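Chemist: Input: one structure, supplied below.
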Amino acid sequence: MPRRILCLVSALVVVIAAAASAQIWRDQRMWGGWRGEPPRLPTRALRDGQFHFCRLAYTSVRREDGGQGWRTDYPGADINFSIRFSELTKAAVGKDHDAEPEYFVVRPEDDALFSCPFVHMEDAGTAALSDRDVKRLREYLLKGGFIWNDDFWGTSAWENWENEISKVLPESRYAIEDIPATHPMFQTVFNVKRILQVPSIQRWRYLGGGTSERGVDSDVVHTRAILGDNGRVMVLMTHNTDLSDTWEREGEDAEYFYRFSPEGYAIAINVMLYQMTH
């Protein structure tokens, strides 16, 4: 394991042992409680100049096994990433009066979208964008916004999302490109050697440690992007992997944590710092 990833493992172990780890979200009830939590809508805090985890809400028109539409991994991934981002970097992460991270759910029609330098989107293989969604997301991306799609698996999910994002950024001008782990976005702080395949914790247990959620239809991780002027990454797509679970589930299973979370955090921290500075 690269030295800087080992350093991240050590750092994570230290912060987990510290008092701050009490804030880490753990989904003890699985399909109840948190899963039905209403979206946390934007407040004026979103414009305070600090980092806020923004999740994009969208309409689903189909179902993928294990997916929850825009709610997939919500809010655990949002909370845990925000906490670790504040602990492992010098980034100013927005927090409320109880020192808990402030994270928000935005819709394409919300003006608050333009206060989010990035939006996170999961289970995008189920999405259907309206004409208004398309127009708003195109405006957002061309003004400097960034979308990260994660946790969508297999050919059908890919084809659905490819069709939807091509309405926003037509492929005739904005080609979807494969990008390697050596791209500067993945090397900002930690030396990432690969974009690892991460299954949901439930599938990992069911598969006895396997990582491909759709068998041969998802056995290869695809890291793709849509680039704008001067090579700016406007859309990042991590397909056939669930990096968000490395944050959401870090407090639930020690074996899962050591197997996936250090690399998952390394990738995400690199991405976020790169996007905040480019």
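The values are calculated or read from the model by the stated rules, or taken from the named source; none is laboratory data. No experiment lies behind these values; they were computed from the predicted model shown. Every residue, glycine as well, gets a Cβ built from its backbone with ideal geometry; the counts of neighbours run over all protein chains shown. SASA here: full protein model, heavy atoms, side chains in, ligands and nucleic acids out. Shrake-Rupley method; radii C 1.70, N 1.55, O 1.52, S 1.80 Å.
Chemist: So Glu164 fits all but one of (1) in contact with a Leu (Cβ under 6 Å, 6 or more places away or on another chain); (2) closer than 18 Å to Leu273 by Cβ; what number is the exception?
Modeler: For Glu164, the failing item is (2).
Chemist: Sticking with this one: Taking Ser218, is it open to solvent by 40 Å² or more (accessible area, probe 1.4 Å), among the hydroxyl-bearing types (Ser, Thr, Tyr) and over 17 Å from the mean Cα position of the chain (by Cα)? Explain how you work it out, then say what you get.
Modeler: On the way: open to solvent by 40 Å² or more (accessible area, probe 1.4 Å): no; among the hydroxyl-bearing types (Ser, Thr, Tyr): yes; over 17 Å from the mean Cα position of the chain (by Cα): yes.
No.
Chemist: Among the residues of segment 155-178 satisfying the criterion of being under 18 Å from the mean Cα position of the chain (by Cα) and buried (at least 19 other Cβ atoms within 10 Å of the Cβ), which is nearest to Leu227 (Cα to Cα)?
Modeler: Ile165
Chemist: Next question. Could you tell me whether any residue of segment 260-271 is closer than 24 Å to Pro117 by Cβ, modelled with pLDDT under 95 and either of a type in the set (S, T, N, Q) or surrounded by 19 or more Cβ atoms within 10 Å (Cβ to Cβ) (or both)?
Modeler: Checked segment 260-271: no residue is closer than 24 Å to Pro117 by Cβ, modelled with pLDDT under 95 and either of a type in the set (S, T, N, Q) or surrounded by 19 or more Cβ atoms within 10 Å (Cβ to Cβ) (or both).
Chemist: Go through the residues of segment 24-40 one by one and say whether even a single one is at pLDDT 90 or above, open to solvent by less than 40 Å² (accessible area, probe 1.4 Å) and aromatic (Phe, Trp, Tyr).
Modeler: no
Chemist: Give me the pairs, please: first residue somewhere in segment 119-136 and without any contact (Cβ under 8 Å) to a residue 60 or more places away in the chain, second residue anywhere and basic (Lys, Arg) and open to solvent by 10 Å² or more (accessible area, probe 1.4 Å), beta-carbon distance under 9 Å, and either six or more positions apart or on two chains.
Modeler: Every condition considered, the pairs that remain are Asp131/Lys167; Val134/Lys167; Arg136/Arg107.
Chemist: Take the conditions buried (at least 20 other Cβ atoms within 10 Å of the Cβ), β-branched (Val, Ile, Thr), at pLDDT 95 or above and not in a loop (DSSP other than H, G, I, E, B) and apply them to Ile195. Does it pass?
Modeler: Values: buried (at least 20 other Cβ atoms within 10 Å of the Cβ): yes; β-branched (Val, Ile, Thr): yes; at pLDDT 95 or above: yes; not in a loop (DSSP other than H, G, I, E, B): no.
Here the answer is no, as Ile195 does not meet what is asked.
Chemist: Scan segment 66-114 for residues that are farther than 30 Å from Leu142 by Cβ, open to solvent by 10 Å² or more (accessible area, probe 1.4 Å), in contact (Cβ under 8 Å) with a residue 60 or more places away in the chain and outside any loop (DSSP other than H, G, I, E, B) and jot them down.
Modeler: Answer for segment 66-114, where residues must be farther than 30 Å from Leu142 by Cβ, open to solvent by 10 Å² or more (accessible area, probe 1.4 Å), in contact (Cβ under 8 Å) with a residue 60 or more places away in the chain and outside any loop (DSSP other than H, G, I, E, B): Glu87, Leu88.
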